[in-house]
Amino acid sequence: MVIRVFVASSTGSVGVKKHQQAVVSFLEANHLSFQQVDITMLEEERLWMYHNVPQDKHPERGNPLTPQIFNGDRYCGDYEDFFQSMENNAVFPFLGLCISPASENFLLSDHERTARRLFKPTFTHRDFVCAQDLFWEHRYPNTGQDAWFYGRRANAVPLLFCLT
């Protein structure tokens, strides 16, 4: 499914323009594929958006304001919902996307990355068995420390922590 962001290119509201730009900028910065749909140019898309936004998201008077976010035909939310998901670090579930473990580290804040470097991970046997084709252990020569490497042995990348 493709993320569709409904925007209005000729809106007179500065707030709406900023909200639209915030959503689009976030999706571009995280290299997420999306389609930007301008409802001022496409009448059928505007009517489709108005029809598919849930009734509880309609204002008391008038039509729903942009940006409105859909994943395929599934309604994700408006800017307020998007902003709440950003505050809760839950944008991917909000958009209906799965996050891969490899991209999870990319999305961590500096504080979270530092915390992961400082604390030893605890692997259960099941976790190790599931990850055994991705991780392998290597003993650094003359140090007595073990390091975990990510990837195949030929092109392994050292992780940011050591196990002793």
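Read-outs: derived from the displayed coordinates by stated rules, not from any lab. Keep in mind that what you see is a predicted model, and the values were worked out from it rather than measured. When we count neighbours, we look across all protein chains shown, and the Cβ atoms used for this are built from the backbone with ideal geometry, even at glycine.
Summary of computed values
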{"read-out": "Residue within region 17-25 that is of a type in the set (S, T, N, Q), in a loop (DSSP other than H, G, I, E, B) and touching a strand residue (DSSP E or B) at 6+ places or on another chain (Cβ under 9 Å) present", "value": "no"}
{"read-out": "Single residue of region 12-46 satisfying the filter (over 25 Å from residue 98 (Cβ atoms) and among the β-branched types (Val, Ile, Thr)) that is surrounded by the most Cβ atoms within 10 Å (Cβ to Cβ)", "value": "39"}
{"read-out": "Whichever residue in region 47-66 is within 14 Å of residue 8 (Cα to Cα) and touching a residue at least 12 places away in the same chain (Cβ under 8 Å) and, among such residues, is surrounded by the most Cβ atoms within 10 Å (Cβ to Cβ)", "value": "66"}
{"read-out": "In region 2-14, the residues that are touching a Leu at 6+ places or on another chain (Cβ under 9 Å) and either part of a loop (DSSP other than H, G, I, E, B) or of a type in the set (Gly, Ala, Ser) (or both)", "value": "8, 11, 13"}
